[in-house]
Amino acid sequence: MSTISVCFTNFGPYHLARLRALAARLEARGDRLVAFEVAGAERTYPWARSRRDEPFEWVTLFPDRVLETIEPEACRAAMIEALEQHRPDALGIVGYARPESMAAARWGARHRRATILMSESQETDWPRAWWKEMIKRRRVSFFDAALVGGPSHRDYLVQLGMPAGRIALGYNAVDNDYFAREARQWRDHPAGRAGLPSSPYFLCVCRFAPEKNLARLIEAFARYRRATGPGRPWDLVICGDGPGRAEVDAAAAASGFAHAIHRPGFVQVDGLPRWYAHAGAFVLPSLIEPWGLVANEAAASGCPLLVSHRAGCAETLVPDPPGATGRRFDPLDVGELAEALNWIASSPVEAREAMRRRAAEVVSAWGPGRFAEGVVEAVELARGRRAGRRGASASAAAGVRAR
């Protein structure tokens, strides 16, 4: 029996869905999963969760601490202590920036364990400085293989030195079955729209932060409303909260349509399906979005998608031709975003229903099962690399002895 470990900072709903699928896949192979989270809570994503009997061993390094309050050296030390205790045969590690991630990667290299980098970084996410890229290349070299979301993430890792043949896809996944089931029930529920806008609405779910581009979304929505003729124009719902709340409030007040912009605040996962169920379309306007798991949730719930072309999920969930599941747009072009809003709102009901069905079909291939398959594939790629290195070392040693 092999022990596989996966390390996250804090388990949210989609982490748990992935871990459950991976544990089932490993159990069928006779292996086991140990899942590490650094802290029991974090400020950035204040998820509510209930801990139940899980098919994996759940280890929280700091169960009574908030992630943002833990010192880097304490994270490193706690991760090494946990690895020494459980001694996994392979490690799936999130990113190369956090202290416990690199501590785990170095521990794996030192103990000759297969190390898998789990990454959703794209080249276009942030401006890139050459010296920072050099540091990243050095850190990436500690990993034997990788699991990423999609093609744009794979391409960036290749730039950082990871061979494309050692990169598996499928990292970004949510519990598709949960969102599909709950959204369907809310559509059929006689009181499903209680407390929701009575008119059709665009839905955005995100953290209120500058990179989410909400001010431009609100400006585009105002243009859409001004250009819409007589009839029943759509409202805008923005679920979320965060440090950019004042900017969102100001943009809504300045738009002239504050009465049609609804902000229910941060909504936990058990409350989101009702908003998805009755949305006319989902909008993700981000300037920087490594993936955009809310788009997975929306697609699984049966929403047509309007997605920024900078989002890592864009090409996967909104494939060509335009109109299959929705449409991609330039998030810096307010006019293009306003036109996209008008396009989806004015599309025939039958066309939007076709987009709903197709979005659910497309995302169904990128659920927790795909994550489990990706981890297993990456583990095998990592082990293959390690076996090749051992073989090369043995051949070199034999050559020295022969001389």
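The values are calculated or read from the model by the stated rules, or taken from the named source; none is laboratory data. Since the structure is predicted, the reported quantities are computational estimates derived from the model, not experimental observations. Backbone-built Cβ (ideal geometry, glycine too); neighbour counts: all protein chains shown.
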(request) State all residues of the stretch 93-128 that are among the aliphatic types (A, V, I, L, M) and touching a strand residue (DSSP E or B) at 6+ places or on another chain (Cβ under 8 Å); if no residue qualifies, say none. (result) Ile93, Val94, Ala104, Ala105, Ala109, Ala114, Ile116, Leu117, Met118
(request) Could you grab the pairs with beta carbons closer than 7 Å, sequence gap of 6+ or different chains, first residue in the stretch 94-109 and within 24 Å of Gly170 (Cβ to Cβ), second one part of a helix (DSSP H, G or I) and among the β-branched types (Val, Ile, Thr)? (result) Tyr96/Val140
(request) Please tell me if Arg87 is within 23 Å of Phe8 (Cβ to Cβ) and basic (Lys, Arg). (result) yes
(request) Determine which member of the set Ala35, Ala39, Ala17 is in contact with a Pro (Cβ under 9 Å, 6 or more places away or on another chain) and not in a helix (DSSP H, G or I). (result) Ala39
(request) Tell me which residues, restricted to the stretch 26-42, are in contact with a Leu (Cβ under 9 Å, 6 or more places away or on another chain) and either at pLDDT 95 or above or over 19 Å from Ala78 (Cβ atoms) (or both). (result) Leu26, Glu27, Arg32, Leu33, Ala35, Phe36, Glu37, Val38, Ala39
(request) Starting from the stretch 63-86, keep only residues that are free of Cβ contacts under 8 Å to residues at least 40 places away in the same chain and in the same structural domain as Tyr45 (by TED's automatic domain parsing), then list their pairs with residues that are part of a loop (DSSP other than H, G, I, E, B) and buried (at least 16 other Cβ atoms within 10 Å of the Cβ) whose Cβ atoms are within a distance under 8 Å, requiring at least 6 positions of separation or different chains. (result) Val66/Glu42; Glu68/Glu42; Cys75/Arg98
(message) Just to verify a result, which residue in the stretch 318-332, among those that are within 24 Å of Ala215 (Cα to Cα) and free of Cβ contacts under 8 Å to residues at least 60 places away in the same chain, is surrounded by the most Cβ atoms within 10 Å (Cβ to Cβ)?
(response) Gly326
(request) Consider Pro368 carefully, then state whether it is touching a residue at least 24 places away in the same chain (Cβ under 8 Å), buried (at least 20 other Cβ atoms within 10 Å of the Cβ), more than 23 Å from Arg225 (Cα to Cα) and not acidic (Asp, Glu). (result) yes
(request) Looking only at the stretch 14-48, count how many residues are more than 18 Å from the chain's Cα centre (by Cα) and basic (Lys, Arg). (result) 3
(request) Enumerate the strands (runs of 3 or more DSSP E) found wholly within the stretch 211-318, keeping only those where 2 or more residues are in the same structural domain as Trp186 (by TED's automatic domain parsing) and closer than 26 Å to Tyr156 by Cβ. (result) 281-284, 305-308
(message) I need the full set of residues from the stretch 26-68 which are farther than 13 Å from Thr9 by Cα and touching a His at 6+ places or on another chain (Cβ under 9 Å), in order please.
(response) Val34, Glu57
(request) Mind telling me which of the residues Arg65, Arg25, Arg76 ends up being buried (at least 16 other Cβ atoms within 10 Å of the Cβ), under 28 Å from Tyr156 (Cα atoms) and of a type in the set (Lys, Arg)? (result) Arg76
(request) Please go through the stretch 113-135 and pick out each residue that is more than 19 Å from Ile288 (Cα to Cα), at pLDDT 95 or above and not aliphatic (A, V, I, L, M). (result) Arg113, Thr115
(request) Please go through the stretch 123-151 and pick out each residue that is charged (D, E, K, R), buried (at least 18 other Cβ atoms within 10 Å of the Cβ) and under 28 Å from Asp89 (Cβ atoms). (result) Lys136, Arg139, Asp144
(request) Sort out for me the strands (runs of 3 or more DSSP E) sitting completely within the stretch 52-159 that have 2 or more residues that are among the acidic types (Asp, Glu). (result) 57-66
(message) Of all residues being in contact with a Gly (Cβ under 7 Å, 6 or more places away or on another chain) and of a type in the set (S, T, N, Q) in the stretch 170-197, which is surrounded by the most Cβ atoms within 10 Å (Cβ to Cβ)? Just the residue, please.
(response) Asn172
(request) Pick out the one residue from Tyr14, Tyr45 that is aromatic (Phe, Trp, Tyr), crowded, with 20+ Cβ neighbours inside 10 Å, at pLDDT below 95 and closer than 30 Å to Asn296 by Cα. (result) Tyr14
(message) Residue under question is Trp131, and the condition is that it be farther than 28 Å from Phe371 by Cβ and assigned by TED's automatic domain parsing to the domain that holds Arg18; does it hold?
(response) yes
(request) Provide a single number: the residues in the stretch 240-263 that are surrounded by 15 or more Cβ atoms within 10 Å (Cβ to Cβ) and in contact (Cβ under 8 Å) with a residue 24 or more places away in the chain. (result) 15
(message) Please determine whether any residue of the stretch 79-90 is closer than 30 Å to Asp177 by Cα and modelled with pLDDT of 95 or more.
(response) yes
